[in-house]
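The values are calculated or read from the model by the stated rules, or taken from the named source; none is laboratory data. Worth saying up front: this structure is predicted, and the values here are computed from it rather than measured. Positions of Cβ are backbone-derived with ideal geometry, glycine not excepted, and every protein chain shown enters the neighbour counts. SASA here: full protein model, heavy atoms, side chains in, ligands and nucleic acids out. Shrake-Rupley method; radii C 1.70, N 1.55, O 1.52, S 1.80 Å.
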Amino acid sequence: MKDRPGRIGIDIGAVSLKAVRLDGEGRVAGSYYARHRGDPAKALEAALGELAVTAGDAVGFCGANAARFCESFELPRQDLAACQIPVVRAEFPEVANIIDIGGGSLTLVELDASGHFQNYATNSMCAAGTGSFLDEQAARLGIEYDDPTLVGQVAEPPSIATRCAVFAKSDLIHRQQEGCSKAAMWSGLCRGMTRTIIGTLLRAKPLDKPTAIIGGVALNKEVLRWLSAAYAGLLRIPAHPHLTSAIGAATRGSVPKRLPSREAIHKIATSRNVEYHDWPLTLDRSQYPDFATDESYVDQDGNEVRVLSWPSGQTLRTYLGIDIGSTSTKLAFIDEKDNLKVDIYRKTAGDPIGATQKLFRALRELERRKGGRVEVLGAATTGSGRKIVGEVIGADSIINEISAHVAGATYTDPEVDTIFEIGGQDSKYMHVVDGHIRDANMNYVCAAGTGSFIEELANKLGYKVADVGAAVLGVKPPRATDRCTVFMEQDVIRFIEGGATREEALAAVLVAIARNYLNKVVGNRHRSRKRIMFQGATARNKALVAAFERLLDVEVVVSPYCHVMGAFGVARLARQGMEERGAGKSRFHGLNLESRKVTLRKETCNLCQNCCSITFAEIEGVEGTPSWGYMCGRDPAEHKVRKNPHERMLRLRQRLWREAGAGVKVADDARVIGIPQALLTHTYYPMWQRFFNTLGFRVQLSGPTTDEIRELGPTRPSCGEHATSCSSSAPRSAGCWTRRKTT
């Protein structure tokens, strides 16, 4: 490097480490930017080497994880806002706001007319609106940020909830079922995230002055596209938005008395404490399977293929089961005696039809390898994408996940009493009596007890999810919260800062996830005190099995095909269904799905206020056009809304709610009281209707929430704030009840 001695700035955030070297004129002469994956000391060592830091260089630190390294260098930690303001103002003197969108934080710095600090706002402990939120969803969808096909391609993307990663995942599943493309879902995520940013930081205040966007997310062109659409002409993007804080730290740094040794950098302050459980994650009561098969391999498409029994040259007469989950898609072939012959496991990656095509491609390649063929006698689907895939492949049955998992578990262990299942997106509990389901429960909106969180956190700590079990087995775990993914992740950061290893932090996460599942999914429901069956792909994590054994002190049974149990179970149900119906030929369209063109189109059903988005699939070589998405449950051939008899009481309640407060006659020209149809109005409307009618007022409810109102919501302050700017000549905005001709 030239221009020595130099100025070094290091920004160590929750997710990544950013470092720069400035030349004599304050320009960036070198930079380092990488995710530290829970080991900031290792990343710092790499950055110091990359920037060739030597004695005499001035060094400045800032960021959430910088404090412990400041101790090693005997330097103060720089204030983040103080680092950012002069750098941004030097490039954009007109800027009045700075929005920093980092990996784990979201901040707004407001400046006065002179460019000095005036106000500050930040996100809560929730990660919504931060870079880590987008990272999680991108990983689920198999998306790379620098993919140019994902930027600016969708004019009107589907709506994706982004207030919480869990809601976003649920919405993505629905969009997948509707046949949305990856580009459309990614654009919807980025647009939704901009609304979350606006709502979190501005709290309905206007953003009407030039604003700089910095942080790692400022490199995301699709996010910037939607922010620019919301605030045209107001946004300013620095030349190095992700390095802004590090540049500021470099200008404020000072020369340390001496550079610490490598050992000193990696040394953790002894004042920090980590409290551990009294036991390690070991298996003492449970017999864990070895998952051995006749043949297994991973093909070029990422399909994990296992052949349990298929002699070369033979034709397999089989029943097919497919479990299409939000995270992974599984396929199982069984023979006429329910023996599992072949199973395949792969990531769904936000494309259930594409994932199924790749499964079938793997099967056809396996046919060629074996010199035989597969004859499908019946087919069934389960999982979150069961409807879309079931219609496309011509499944004979489309069956819920609980039934599928019970069918698989009871074949494996006919005396099974309690079944735990943890998938990528959801978790299920099942209580079985005499082979039949007695009770069941699923997680609600929290993802803290699911496999996707294990995978996401493992990736952040530099582990492949498949390697976590072996790495963590035998490790004594620290005590962590089990309430929420956000709190768990904060615990992991705290553990690593306090001296725990990555393996210990992951061990803590596994125990916390097991506790979360037991508290929120199982609760006070029945569970066996002797033996519990654990299934789902997470059961292949030996350390997680050990966590359940330690917490419950019971034997935990894991099947050799636990990860495809839903597919295996639904294949059994397909066989039973075909036999009970005496059906002849299966509806199954064949394994050549990947060679057929599948075109999806959408229409809106206007038969009722649901306005369902109906997806139609046109499949090459298949007669008819299968469709799905009917919320009322009607068949495609029906042309009227199907009324669910189970909703009769709900409809009665709705009618009584509207009519119960009537009875006091009011003049037609009486003044009007407007009441928004929201929140407690759904309980107290009859009381308010009678109350205001008695006072001589007519009452008018607002209409149901529309897309326009949803769009306006995050950008509108409360009526109390808005009333001062209301004028009788101004047009009334949707949902605003502060102005009426009669008032």
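So which residues in the stretch 665-695 are among the aliphatic types (A, V, I, L, M) and either open to solvent by 50 Å² or more (accessible area, probe 1.4 Å) or closer than 20 Å to I709 by Cβ (or both)?
Of the residues in the stretch 665-695, the ones among the aliphatic types (A, V, I, L, M) are 666-667, 670, 672-673, 675, 678-680, 687, 695.
A667, V672, I673, I675, A678, L679, L680, M687, L695, listed by residue number.
Is it the case that A34 is surrounded by fewer than 17 Cβ atoms within 10 Å (Cβ to Cβ), farther than 15 Å from P260 by Cβ and aliphatic (A, V, I, L, M)? So A34 passes the test. All conditions in (1) in contact with a Cys (Cβ under 9 Å, 6 or more places away or on another chain); (2) in contact (Cβ under 8 Å) with a residue 40 or more places away in the chain; (3) closer than 18 Å to R258 by Cβ; (4) open to solvent by 30 Å² or more (accessible area, probe 1.4 Å) hold for A55, with the sole exception of (1). Considering only residues that are among the aliphatic types (A, V, I, L, M), open to solvent by less than 10 Å² (accessible area, probe 1.4 Å) and under 18 Å from A617 (Cα atoms), which ones fall in the stretch 340-360? A355 - this is the single residue of the stretch 340-360 that is among the aliphatic types (A, V, I, L, M), open to solvent by less than 10 Å² (accessible area, probe 1.4 Å) and under 18 Å from A617 (Cα atoms). Checking the stretch 368-382 against the condition returns no match, with no residue being open to solvent by less than 30 Å² (accessible area, probe 1.4 Å) and in contact with a His (Cβ under 7 Å, 6 or more places away or on another chain). A508 meets all of the listed conditions (1) open to solvent by less than 40 Å² (accessible area, probe 1.4 Å); (2) over 29 Å from the mean Cα position of the chain (by Cα); (3) over 26 Å from D417 (Cβ atoms); (4) not charged (D, E, K, R) but one, namely (2). Within this structure, R27 fails the test of being buried (at least 17 other Cβ atoms within 10 Å of the Cβ) and either over 26 Å from K460 (Cβ atoms) or not aromatic (F, W, Y) (or both). For the stretch 494-504, a residue qualifies if it is at pLDDT 90 or above and either touching a Pro at 6+ places or on another chain (Cβ under 7 Å) or surrounded by 24 or more Cβ atoms within 10 Å (Cβ to Cβ) (or both), and exactly one does: E504. Among all residues of the stretch 204-214, there is none that is more than 22 Å from L111 (Cβ to Cβ) and touching a residue at least 24 places away in the same chain (Cβ under 8 Å).
Scanning the stretch 330-343 for residues that are at negative phi and in contact (Cβ under 8 Å) with a residue 60 or more places away in the chain yields K330, L331, A332, F333, I334, E336, L340, D343. Look at the stretch 287-304: where a residue is of a type outside the set (S, T, Y) and a partner is open to solvent by 80 Å² or more (accessible area, probe 1.4 Å) and not in a loop (DSSP other than H, G, I, E, B), sitting 6+ places away or on another chain with Cβ atoms under 6 Å, you get E304/V298. On the basis of being in a loop (DSSP other than H, G, I, E, B), of a type in the set (K, R), open to solvent by 60 Å² or more (accessible area, probe 1.4 Å) and in contact (Cβ under 8 Å) with a residue 40 or more places away in the chain, does R525 make the cut? Judged against the criteria, R525 is a match. Taking the stretch 546-661 as the region of interest, the strands (runs of 3 or more DSSP E) fully inside it that hold 2 or more residues being touching a Lys or Arg at 6+ places or on another chain (Cβ under 7 Å) and either open to solvent by less than 60 Å² (accessible area, probe 1.4 Å) or not small (G, A, S) (or both) are 555-557, 613-619.
Looking at D396, D417, can you tell me which residue is within 25 Å of R527 (Cα to Cα) and in contact (Cβ under 8 Å) with a residue 24 or more places away in the chain? Don't jump to the end; show me each part of the working.
On the way: D396 fails: within 25 Å of R527 (Cα to Cα).
Answer to the check: D417.
The helices (runs of 4 or more DSSP H) found entirely in the stretch 30-138 that carry 3 or more residues being over 16 Å from G248 (Cβ atoms) are 40-50, 67-73. Residues that are in contact with a Leu (Cβ under 9 Å, 6 or more places away or on another chain) and hydroxyl-bearing (S, T, Y): does the stretch 294-304 have at least one? Within the stretch 294-304, not a single residue is in contact with a Leu (Cβ under 9 Å, 6 or more places away or on another chain) and hydroxyl-bearing (S, T, Y). Among the residues in the stretch 430-453, are any open to solvent by less than 30 Å² (accessible area, probe 1.4 Å), over 25 Å from the mean Cα position of the chain (by Cα) and touching a residue at least 60 places away in the same chain (Cβ under 8 Å)? Yes, some residue in the stretch 430-453 is open to solvent by less than 30 Å² (accessible area, probe 1.4 Å), over 25 Å from the mean Cα position of the chain (by Cα) and touching a residue at least 60 places away in the same chain (Cβ under 8 Å). Is it the case that the stretch 396-404 has a residue that's assigned to a helix (DSSP H, G or I) and over 30 Å from E456 (Cα atoms)? The answer is no, given that none of the residues of the stretch 396-404 is assigned to a helix (DSSP H, G or I) and over 30 Å from E456 (Cα atoms). Could you please let me know if S132 is of a type in the set (G, A, S) and open to solvent by 10 Å² or more (accessible area, probe 1.4 Å)? So S132 does not fit the description; no. Screening L331 with (1) over 33 Å from the mean Cα position of the chain (by Cα); (2) open to solvent by less than 10 Å² (accessible area, probe 1.4 Å) gives one miss only, at (1).
When each of D23, D11, D57 is tested for being in contact with a strand residue (DSSP E or B) (Cβ under 7 Å, 6 or more places away or on another chain) and modelled with pLDDT of 95 or more, the lone residue that passes is D11. Of the residues making up the stretch 467-479, one or more are buried (at least 20 other Cβ atoms within 10 Å of the Cβ) and assigned to a strand (DSSP E or B).
Listed here are the residues, each with its yes/no results for (1) open to solvent by less than 60 Å² (accessible area, probe 1.4 Å); (2) in contact (Cβ under 8 Å) with a residue 12 or more places away in the chain; (3) under 33 Å from the mean Cα position of the chain (by Cα).
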| residue | (1), (2), (3) |
| --- | --- |
| C70 | yes, no, no |
| Q78 | yes, yes, no |
| A81 | yes, yes, yes |
| V88 | yes, yes, yes |
| E91 | no, yes, no |
| E94 | no, yes, no |
| F117 | no, yes, no |
